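Input: a single structure, listed below in structure tokens.
The values are calculated or read from the model by the stated rules, or taken from the named source; none is laboratory data. A quick note: this is a predicted structure, and the numbers were derived from the prediction, not measured. Here the Cβ positions follow ideal geometry from the backbone for every residue, glycine too, while neighbour counts run over all protein chains shown.
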Amino acid sequence: MKQTDRKKGSEQAVEKRPFETLEDFLKEELHGFVVGAGMMALSAMLEEERTSACGPRYQQDPQREATRAGYAPGELVLGGRRVAVERPRARTMDGREVQLPSWQRFSNEDPLHRRAVEQMVVGVATRKYSRSLEDTPPGIRVRGASKSAVSRRFVATTRARLAAWLHTSLSGLNLAVLMIDGVHFAEHVVLVALGIDETGKKHVLGLWEGATENATACTALLTNLRERGLRTDRSILVVIDGAKALAKAVREVFGVRALIQRCQVHKKRNVLDQLPEHLRPSVSAAMSEAYLSEDASRAERLLRNLARRLEAEHPGAASSLCEGLDETLTVMRFGLPRPLERTLATTNPIENLVGRSRYLTRNVKRWRGGSMVLRWVAAAVREATKGFRRLRGYAGMPKLVAALTANDVKIDGVDHVKEVA
């Protein structure tokens, strides 16, 4: 017996293995019946459309505009793979192929691309893609579920989505808050911009890849957002993790319109990292007491007193605490409701998005350049946005909008809202 014959025999033996339970048998038989019935229904639809184009078989018709042309091998999309199907053909009297509507609809590869991306972002590896699909009944030839085929579809789809997303206009968004954070992948850093509109809804605005979270990369991201319609002529609250480079870039693009809030969690972490273990609990408690205070002046006084106590023995921690201290208390000066104030005092809303991106890209073992990083992050972010909810404390957004408007009046000396009215 030839090797190929032995291989076919082994495959048939696997297909005909006995079922372990009656439930397995019923599931397999039902699935096969449903798929088989669907294929028969499709064949009937195609034949009906060909009859509509060519007229009844074996009947003379001088008005006939097309004739039957036999069958040709073709493929349709079924369950995340391509399935071999005999395609009925018809030709016009001058020899042109007649396109059957059902064939065009069912041969569309968009569902294949969507299925590939969906499987990747939920954690299915390309090499395991075929195992995640439903089995097809015996006798149906399939292809398009291999590791390379799935990878090609994922690359093509995510590249097209990324290009379309990064050119989407932002002019229709009335944003009150802008959050920026970076996520690291190997030697690459992707800056993510999250916008929060005046009603508390979240919008992922854009991505930018760079080597580090430096001012150049952040300025490039903000410039891209501005070119796409992000308004920089009115005040906006910008929440960042505390990096000097990010603050510098924000001021370059927004100028005095940017009200910067540095993340209190990052500030506490930076200070504690420069202290010995035995001092960290007491310093952490002192900083928490200040940040939980409802009075910004009192909070500032407590923090500066803490810095003076640390200065002699731990000047690095004291310097870190004082650096940008005012900007860690920005939202406390707005008089916002407590839930909204605590939400906007940290980068937690965007940290959750970044964390979700890390989780969804956990199966990638090797990053092949910045383009691959951007495509994967864009796919992960798109998936994460499906679970977006309004900002915690969003009921207090009108007070934030009023505070931003008051800042514009202070800068310009004119109430633009009243002018428009």
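For segment 72-100, enumerate the residues that are modelled with pLDDT of 80 or more and surrounded by 12 or more Cβ atoms within 10 Å (Cβ to Cβ). Before the answer, list the steps.
The initial filter retains those residues of segment 72-100 that are modelled with pLDDT of 80 or more, namely 72-73, 86-100.
Within segment 72-100, 86, 87, 88, 89, 90, 91, 92, 97, 98, 100 meet the criteria.
One residue is enough: does segment 347-365 have a residue meeting the conditions surrounded by fewer than 18 Cβ atoms within 10 Å (Cβ to Cβ), charged (D, E, K, R) and either touching a strand residue (DSSP E or B) at 6+ places or on another chain (Cβ under 6 Å) or not in a helix (DSSP H, G or I) (or both)?
Among the residues of segment 347-365, at least one is surrounded by fewer than 18 Cβ atoms within 10 Å (Cβ to Cβ), charged (D, E, K, R) and either touching a strand residue (DSSP E or B) at 6+ places or on another chain (Cβ under 6 Å) or not in a helix (DSSP H, G or I) (or both), which makes the answer yes.
If I go through segment 347-390 residue by residue, how many of them are within 28 Å of residue 328 (Cα to Cα) and modelled with pLDDT of 85 or more?
7
Can you tell me which residue in segment 178-216 is surrounded by the most Cβ atoms within 10 Å (Cβ to Cβ), limited to those that are outside any loop (DSSP other than H, G, I, E, B) and of a type in the set (Asp, Glu)?
First, pick out the residues of segment 178-216 that are outside any loop (DSSP other than H, G, I, E, B): 178-185, 188-197, 202-210, 215-216.
Those left that are additionally of a type in the set (Asp, Glu): 181, 197, 209.
On the way: 181: 23, 197: 19, 209: 18.
Within segment 178-216, the match that is surrounded by the most Cβ atoms within 10 Å (Cβ to Cβ) is 181.
Run residue 140 past the list (1) outside any helix (DSSP H, G or I); (2) among the hydrophobic types (A, V, I, L, M, F, W, C); (3) at pLDDT 75 or above; (4) surrounded by 14 or more Cβ atoms within 10 Å (Cβ to Cβ) and report the number of the one that doesn't hold.
So the condition that residue 140 fails would be (3).
Residue-wise test of (1) closer than 29 Å to residue 361 by Cβ; (2) surrounded by fewer than 17 Cβ atoms within 10 Å (Cβ to Cβ); (3) at pLDDT below 70; (4) not acidic (Asp, Glu).
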{"site": "60", "(1), (2), (3), (4)": "no, yes, no, yes"}
{"site": "64", "(1), (2), (3), (4)": "no, yes, no, yes"}
{"site": "110", "(1), (2), (3), (4)": "yes, yes, yes, no"}
{"site": "115", "(1), (2), (3), (4)": "yes, no, yes, yes"}
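May I ask you to list the residues in segment 229-245 that are surrounded by 15 or more Cβ atoms within 10 Å (Cβ to Cβ), more than 15 Å from residue 205 (Cβ to Cβ) and not polar (S, T, N, Q)?
Selection gives 234, 241, 242, 243, 245.
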